[in-house]
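Single-structure report; data block below.
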Amino acid sequence: MKIAVLAGGKSTERNVSLSSGAKITNALRSKGHDATMIDLFLGYDLNGVSNIDDVFKESNTSTDYEISDEVLTDSDIDKLRTDGTVGLFGKNVLPILQAADIVFLALHGGDGENGKVQAVLDLNNIRYTGSGSLAAGMAMDKAISKEIMLYNGIKTAQFKVLHTADGTNPELDFGYPMVVKPNNGGSSIGTMIVKDQSELSSSLEEAFRFDDEIIVEEFVKGREFSLGVVNGKALSAIEIVVNDGWYDYEHKFQTGSTTKFVTPPDIDEDTHNEMKKVAVDTMNALQMENYGRVDFLVNETGVYVIEANSLPGMTPLSLMPQEAEADGIKYEDLCEQIVLGKVKLYNER
């Protein structure tokens with residue numbers, strides 16, 4: 001198949017997306033597909049290309065998957081584009097995507113994960129991996145997704161949504177510690193654990209740097225797990241054990257910062273099966289399809305969903321590939337299963 005791997009874009013997670021995109025592209029090419037990586041924001045120069053299908057003959061990437069710990073702002077990313085075009089979709093992106101048999105979405109954060117890109121692809125009859133625009137938007141919006149979880153009887157932490165007009169000293173129904181995070185964001189960018197009143201104001205100000213709507217959650221103490229779902233089947237859970245601090249942006253993407261154990265032997269089978277069931281139930285409640293990842297906190301009172309990810313990371317350090325590996329699924333096979341699973345869904349409609 002001709003597969004365009006759409007990556008980069010314009011979000012604080014741009015560097016993570018490029019790492020995912022490069023690895024996915026090379027994996028799909030190793031399976032015999034004509035895959036090429038396209039940067040959503042920077043576009044592609046078609047000068048000298050007589051046949052657009054020739055674009056898919058080159059990977060347009062490298063094997064360098066390392067992720068800078070720099071968090072890019074909009075102005076940083078704008079400086080990368082020098083062709084004078086405007087808008088999220090770079091030069092020639094849509095024509096290339098239309099020429100593909102399917103688009104593998106390797107986007108993370110921002111408009112790549114909130115359903116807007118998916119909506120554009122739908123309007124142009126372009127096939128793509130992952131969930132549709134509505135499901136992506138619901139999963140990305142932490143407040144909406146938590147409301148849907150609670151309505152469906154899925155445990156999640158108490159929370160309150162704040163806007164800039166609410167100030168930095170809000171009234172809350174729960175005490176310290178608490179978690180402050182942008183309502184629409186990922187990779188733990190702008191997320192902080194607040195231990196007392198003295199830390200709250202500065203944490204709210206920091207979170208408002210990344211979103212004009214933020215969410216404050218009660219802190220649920222427990223062991224942290226992640227569990228992927230591919231084509232309706234839950235993978236094995238993976239526990240996240242951080243050597244120091246907590247599972248923030250640095251720990252997620254910098255080598256040696258985090259220790260992970262796949263399906264720890266001291267987690268009983270009933271708890272593991274409960275996580276698998278809740279992961280599938282959460283994806284169904286949010287109308288997610290094809291693949292995704294659900295993150296949990298587990299303690300003596302039960303299994304709590306932190307959030308659902310409609311486009312989970314696929315970098316060398318990402319959780320979902322490790323979960324698949326624990327079930328004997330190689331990275332390149334995981335990528336192909338995602339593609340074939342979504343093609344099957346399209347053909348059934």
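Okay, residues lined up against (1) at pLDDT 80 or above; (2) out of contact with any His (no Cβ under 7 Å at 6 or more places or on another chain); (3) within 20 Å of Ile144 (Cβ to Cβ):
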site: Leu162; (1), (2), (3): yes, yes, yes
site: Glu171; (1), (2), (3): no, yes, no
site: Ser202; (1), (2), (3): no, yes, no
site: Asp211; (1), (2), (3): no, yes, yes
site: Val216; (1), (2), (3): yes, yes, yes
site: Val220; (1), (2), (3): yes, yes, yes
site: Leu227; (1), (2), (3): yes, yes, no
site: Lys233; (1), (2), (3): yes, yes, no
(Q) Just to be sure I understand, how many residues within the range 86-107 are open to solvent by less than 10 Å² (accessible area, probe 1.4 Å) and under 20 Å from Glu336 (Cα atoms)? (A) 7
Q. Within the range 186-200, is even one residue within 30 Å of Leu340 (Cα to Cα) and not aliphatic (A, V, I, L, M)?
A. yes
Q | Members of the range 307-335 that are open to solvent by 40 Å² or more (accessible area, probe 1.4 Å) and under 19 Å from the mean Cα position of the chain (by Cα) | A | Pro316, Leu317, Gln322, Glu325, Glu332
Q: Mind counting the residues in the range 1-33 that are over 22 Å from the mean Cα position of the chain (by Cα) and either surrounded by fewer than 19 Cβ atoms within 10 Å (Cβ to Cβ) or of a type in the set (A, V, I, L, M) (or both)?
A: 5
Q | Pair list, Cβ under 6 Å, 6 or more apart: the range 269-287 residue assigned by the TED database to the domain that holds Glu323, other residue open to solvent by 60 Å² or more (accessible area, probe 1.4 Å) and at pLDDT 95 or above | A | Ala285/Asn152
Q) Of Lys23, Lys91, which residue is of a type in the set (D, E, K, R), modelled with pLDDT of 90 or more and outside any loop (DSSP other than H, G, I, E, B)? A) Lys23
Q: Kindly establish whether Phe104 is in contact with a strand residue (DSSP E or B) (Cβ under 7 Å, 6 or more places away or on another chain) and assigned to a strand (DSSP E or B).
A: yes
Q: Taking Pro265 as the residue in question, decide whether it is of a type outside the set (D, E, K, R), in a loop (DSSP other than H, G, I, E, B) and farther than 21 Å from Met138 by Cα.
A: yes
(Q) Criterion first (touching a residue at least 60 places away in the same chain (Cβ under 8 Å) and touching an Asp or Glu at 6+ places or on another chain (Cβ under 6 Å)) does Lys10 satisfy it? (A) no
Q | Those residues of the range 122-159 which are assigned to a helix (DSSP H, G or I) and either open to solvent by 60 Å² or more (accessible area, probe 1.4 Å) or among the acidic types (Asp, Glu) (or both), in sequence order | A | Asp122, Leu123, Leu134, Ile144, Glu147, Leu150, Tyr151
Q. List, please: which pairs have Cβ atoms under 7 Å, are six or more places apart or on different chains, and start with a residue in the range 41-58 that is open to solvent by 70 Å² or more (accessible area, probe 1.4 Å) and end with one that is among the polar types (S, T, N, Q)?
A. Glu58/Thr36
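The values are calculated or read from the model by the stated rules, or taken from the named source; none is laboratory data. Because the structure is predicted, anything quoted here is derived from the model rather than measured. Note: ideal-geometry Cβ built from the backbone for every residue, glycine included; neighbour counts use all protein chains shown. When the accessible area is computed, the model is the full protein with side chains, heavy atoms only, and any ligands, DNA or RNA have been set aside. Shrake-Rupley method; radii C 1.70, N 1.55, O 1.52, S 1.80 Å.
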